[in-house]
Amino acid sequence: MGQPDGAQRPARAAVRTGSARPPCARLSSGVVAVHAEISPARVVVDPGGRAQTQITVTNDGTVVDSFSLEVLGSAAAWCACEPATLSLFPAQSGTALLVATPPAGSELAPGPTPFAVRITSSEEPEASIVEEGVIDLGGVGVVHAELSPRTSRARGKRAGRHQIAVDNRGNTPVTVRLTGLDDEDAVHVVCDPPELEVAPGSAAFAKVRVRAEHRFWRGPAVTRRFHVLAQPPDAEPTRMDAALLHEAAVPGWLPKALALLATAVVLLSVLWLTVLRPAVQNAATSAGTAAAEQALNKALGTTNAAGSGSGAAGSGSSGGAGQASASATPTASASPTAAPSTPTPTKPVPVLPAPVPFASELTTSNGSVSATSKQQLTVTDLVLQNPAGDSGILTLSDDGVTLLTTQLSDFRDYDLHFITPITVQPNDSLTMSVQCQDKGGTTCSAQALITGVTHTIAF
């Protein structure tokens, strides 16, 4: 205390910079003198845990003083001194606890973390001492595992599929072993991969395939329960329960579908035998009769023409004979029965030809088919095609009357069969038009295939 201020300041500066400090920090400035010690100076703690060490502060000065304790360094966020202030008489010592509570998680890396405690006198705030120590952070792997979905579905001997997500919420890498188990030995559980290396603060994934040991052919679905264990080292395993909904190899709808198919086959057979086949036979018979009549009429016309010519020749010859007979025997030429009779030609009855099947393809460049003045078109089938998947509107019209409008994006192949056919009258046209909405100026590739029969209604 008897020393001047200029002699005290270098000593304070030496303490603040920490040069040539003894094992326990000391400060002496005459009136204010203090030393401190941390015991033990090295502690071990895991993230999420708690550790403490003791700080001893001794007032070696000549006045009553109050000393504040402050933690320095990166550990200051999770370390505290309890109490934070010590009031000491001269030659009195006091203790405080340095409590370390590092947070759980992956933010703090394992290993040594240095810290320091600064002791500041209230009598001389500019004078302070610093005591140092080390906290060894342990490596902890905090594993959280989840299996999804909880229930999968499989038919027969097929496998259900799940996925496991393993999160490491600790600060050190963890190797987790995955094991699938079934208490009833009804399913076989395979984890791929069987081990996961999970880095701190990250997640890893594995696939789980579950297959039933035995299949069954018919009946309701059976629930097969199993579980998967996620086993980290030196820790309790995490159990994840799940189930496989095992279905019969033959689905329940298949017998009903087969019965409906058999019924449809029977109905189609009856329809063919009772309706369609007689109609086809009648149409074939009518076509054959019409062709025979046409051939007969042509033959009759040819015969009548030949008979008429022979009659004319006979008339000339009998005229000559008549003259000769008249010159020889005038009575014979006067007889009315002596003149030959000329047969009257019969006009053939016109018969229209049988309907002729036709097929025509309408495109965007050639989108019309027309009936002549003596024809009538009957359209029974229509196939719309959009192979390029264009977008737009396709319209089918008969002589300006719209018959069908559809979106190109609704189909690639659209097959239509008409019970009542579309009839195109003479001199009318069946036209397909396309309003293409494709970009880039390209032309739509939509087209229509029409089939039916052509009827000749006049010669």
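I'd like the full set of residues that are within 19 Å of Ala221 (Cβ to Cβ) and surrounded by 15 or more Cβ atoms within 10 Å (Cβ to Cβ), limited to the range 159-188.
Those that are within 19 Å of Ala221 (Cβ to Cβ) and surrounded by 15 or more Cβ atoms within 10 Å (Cβ to Cβ): Ala159, Gly160, His162, Asp182, Ala186, Val187.
Any idea which of (1) touching a strand residue (DSSP E or B) at 6+ places or on another chain (Cβ under 9 Å); (2) over 17 Å from Arg153 (Cβ atoms); (3) at pLDDT below 85 is the one Asn297 doesn't satisfy?
(1)
Would you mind finding the one in Val44, Val71, Val63 that is within 30 Å of Leu196 (Cα to Cα), among the β-branched types (Val, Ile, Thr) and not assigned by TED's automatic domain parsing to the domain that holds Val208?
Only one candidate qualifies: Val44.
Determine whether Leu273 is modelled with pLDDT of 80 or more, more than 30 Å from Arg215 (Cα to Cα) and either acidic (Asp, Glu) or within 60 Å of the chain's Cα centre (by Cα) (or both).
Against the criterion (modelled with pLDDT of 80 or more, more than 30 Å from Arg215 (Cα to Cα) and either acidic (Asp, Glu) or within 60 Å of the chain's Cα centre (by Cα) (or both)), Leu273 qualifies.
Regarding Val208, is this residue under 27 Å from the mean Cα position of the chain (by Cα) and touching a residue at least 60 places away in the same chain (Cβ under 8 Å)?
Taking the combined requirement at face value, the residue satisfies it.
So Arg153 ticks every box in (1) outside the structural domain of Ala186 (by TED's automatic domain parsing); (2) surrounded by fewer than 18 Cβ atoms within 10 Å (Cβ to Cβ) but one. Which box is left unticked?
Result: Arg153 fails condition (1) only.
Can you name every residue in the range 79-134 that is on the phi > 0 side of the Ramachandran plot, exposed (fewer than 14 other Cβ atoms within 10 Å of the Cβ) and either among the β-branched types (Val, Ile, Thr) or within 60 Å of the chain's Cα centre (by Cα) (or both)?
Gly111
Yes/no matrix, rows are residues, columns are (1) without any contact (Cβ under 8 Å) to a residue 60 or more places away in the chain; (2) touching a helix residue (DSSP H, G or I) at 6+ places or on another chain (Cβ under 6 Å):
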site	(1), (2)
Val356	no, no
Thr363	no, no
Leu382	no, no
Gly392	yes, yes
Val401	yes, no
Thr405	yes, no
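Give just the number: which of (1) within 30 Å of Gly139 (Cβ to Cβ); (2) surrounded by 13 or more Cβ atoms within 10 Å (Cβ to Cβ); (3) small (Gly, Ala, Ser) does Ser74 not satisfy?
It fails just one condition, (2).
Filter the range 40-55 for residues that are among the aliphatic types (A, V, I, L, M) and not in a loop (DSSP other than H, G, I, E, B); which is nearest to Ser128 (Cα to Cα)?
Only one residue tops the list, namely Ile55.
Would you pick out the residues in the range 402-444 that are closer than 27 Å to Thr456 by Cα, surrounded by 13 or more Cβ atoms within 10 Å (Cβ to Cβ) and among the hydrophobic types (A, V, I, L, M, F, W, C)?
Leu403, Leu404, Leu416, Ile422, Val424, Leu430, Met432, listed by residue number.
Considering only residues of the range 203-244 that are outside any strand (DSSP E or B) and of a type in the set (Lys, Arg), which is nearest to Gly105 (Cα to Cα)?
Arg215
Within the range 367-388, how many residues turn out to be closer than 20 Å to Leu416 by Cβ and of a type in the set (Ser, Thr, Tyr)?
Of the residues in that region, 3 qualify.
Spot the failing condition for Leu27; the list is (1) at pLDDT below 85; (2) not in a strand (DSSP E or B), and only one is missed.
(2)
Which of the residues spanning the range 394-412 are modelled with pLDDT of 90 or more and under 28 Å from the mean Cα position of the chain (by Cα)?
If the condition is that a residue be modelled with pLDDT of 90 or more and under 28 Å from the mean Cα position of the chain (by Cα), then Thr406 is the only one that fits.
For the list (1) touching a His at 6+ places or on another chain (Cβ under 8 Å); (2) closer than 24 Å to Pro103 by Cβ; (3) modelled with pLDDT under 90, I need the number of the one condition that Glu213 fails.
Glu213 satisfies all of (1) touching a His at 6+ places or on another chain (Cβ under 8 Å); (2) closer than 24 Å to Pro103 by Cβ; (3) modelled with pLDDT under 90 except (2).
Condition first: of a type in the set (A, V, I, L, M) and outside any strand (DSSP E or B). Now tell me which residues in the range 180-202 satisfy that.
Ala186, Ala199 - these are the residues of the range 180-202 that are of a type in the set (A, V, I, L, M) and outside any strand (DSSP E or B).
The values are calculated or read from the model by the stated rules, or taken from the named source; none is laboratory data. Note that the structure is predicted; figures quoted are calculated from it, not measured. Reconstructed Cβ throughout: ideal geometry from the backbone, glycine too, with neighbour counts over all protein chains shown.
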